[in-house]
1. Out of Val126, Val147, I need the residue that is of a type in the set (Val, Ile, Thr) and either touching a Pro at 6+ places or on another chain (Cβ under 6 Å) or not in a loop (DSSP other than H, G, I, E, B) (or both). Which one?
2. Looking at region 119-142 only, could you name the residues that are exposed (fewer than 12 other Cβ atoms within 10 Å of the Cβ) and touching a residue at least 12 places away in the same chain (Cβ under 8 Å)?
3. Check whether at least one residue in region 25-32 is assigned to a helix (DSSP H, G or I), out of contact with any helix residue (DSSP H, G or I) (no Cβ under 9 Å at 6 or more places or on another chain) and among the hydrophobic types (A, V, I, L, M, F, W, C), and report yes or no.
4. In region 33-72, which residues are outside any helix (DSSP H, G or I) and more than 30 Å from Cys116 (Cβ to Cβ)?
5. Could you list, in sequence order, all residues of region 36-88 that are within 30 Å of Leu144 (Cβ to Cβ) and basic (Lys, Arg)?
6. Give me a count of the residues in region 80-104 that are over 18 Å from Val114 (Cβ atoms) and not in a loop (DSSP other than H, G, I, E, B).
7. Take Val147 and tell me if it is farther than 26 Å from Glu22 by Cα, outside the structural domain of Tyr19 (by TED's automatic domain parsing) and free of Cβ contacts under 8 Å to residues at least 60 places away in the same chain.
8. Check Ser115 against each of (1) surrounded by 12 or more Cβ atoms within 10 Å (Cβ to Cβ); (2) of a type in the set (Ser, Thr, Tyr); (3) part of a loop (DSSP other than H, G, I, E, B) and name the one condition it does not meet.
Amino acid sequence: MSLPDISTLDNRDKKILCYLMEDSSQSMREIAEKLEISESAVRKRIKKIKDKGIIEKFTIKINPRYLKREVQAFITLIPEKGKDFKRLLNDLKLFPECAELHLLAGRCGIIIKVSCKGMEELNAFVESCRVRDEVADIESCVVLKPVKTDYSF
């Protein structure tokens, strides 16, 4: 099954997506008023977009600072040649600090976005990765300031 091409959506559908990405708690009525169309038309369009698989789910985004996670970082794990790191990936998913986990092509191997309570917790996480025999090298980069954190089209 091929994925839908977002460029096949008309301008109203794209605007609906933009409004929902901005604030998914907006009511159908609010979106309809902004687009100057009926609420039922908005509902039908959203259902169509969901049915195409373009919208996976509606969710919330919690500010990590409210979870007392003041430090965000990206950690790159360079795999040890010849080692299978499926177990490592499964283990990393269990860490509450692990916000995102991506398997990459090329030398990079794995990149992890972590959200930690402080530098001590970040250092402990990095060290727990460093001692793994599947990891040849590790590089961590602390986020100074998020610039863009959402998708657009």
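1. Val126 is the lone residue from the list that is of a type in the set (Val, Ile, Thr) and either touching a Pro at 6+ places or on another chain (Cβ under 6 Å) or not in a loop (DSSP other than H, G, I, E, B) (or both).
2. Asp133, Cys141
3. No, region 25-32 contains no residue that is assigned to a helix (DSSP H, G or I), out of contact with any helix residue (DSSP H, G or I) (no Cβ under 9 Å at 6 or more places or on another chain) and among the hydrophobic types (A, V, I, L, M, F, W, C).
4. Listed by number, the residues that qualify are Glu36, Ile37, Ser38, Lys52, Gly53, Ile54, Ile55.
5. Result: Lys61, Arg65, Lys68, Arg69.
6. 2
7. For Val147, the condition - farther than 26 Å from Glu22 by Cα, outside the structural domain of Tyr19 (by TED's automatic domain parsing) and free of Cβ contacts under 8 Å to residues at least 60 places away in the same chain - is not met.
8. It fails just one condition, (3).
The values are calculated or read from the model by the stated rules, or taken from the named source; none is laboratory data. Not measured: the values here are computed from a predicted model. In this analysis, Cβ positions are derived from the backbone assuming ideal geometry, glycine residues included, and neighbour counts consider all displayed protein chains.
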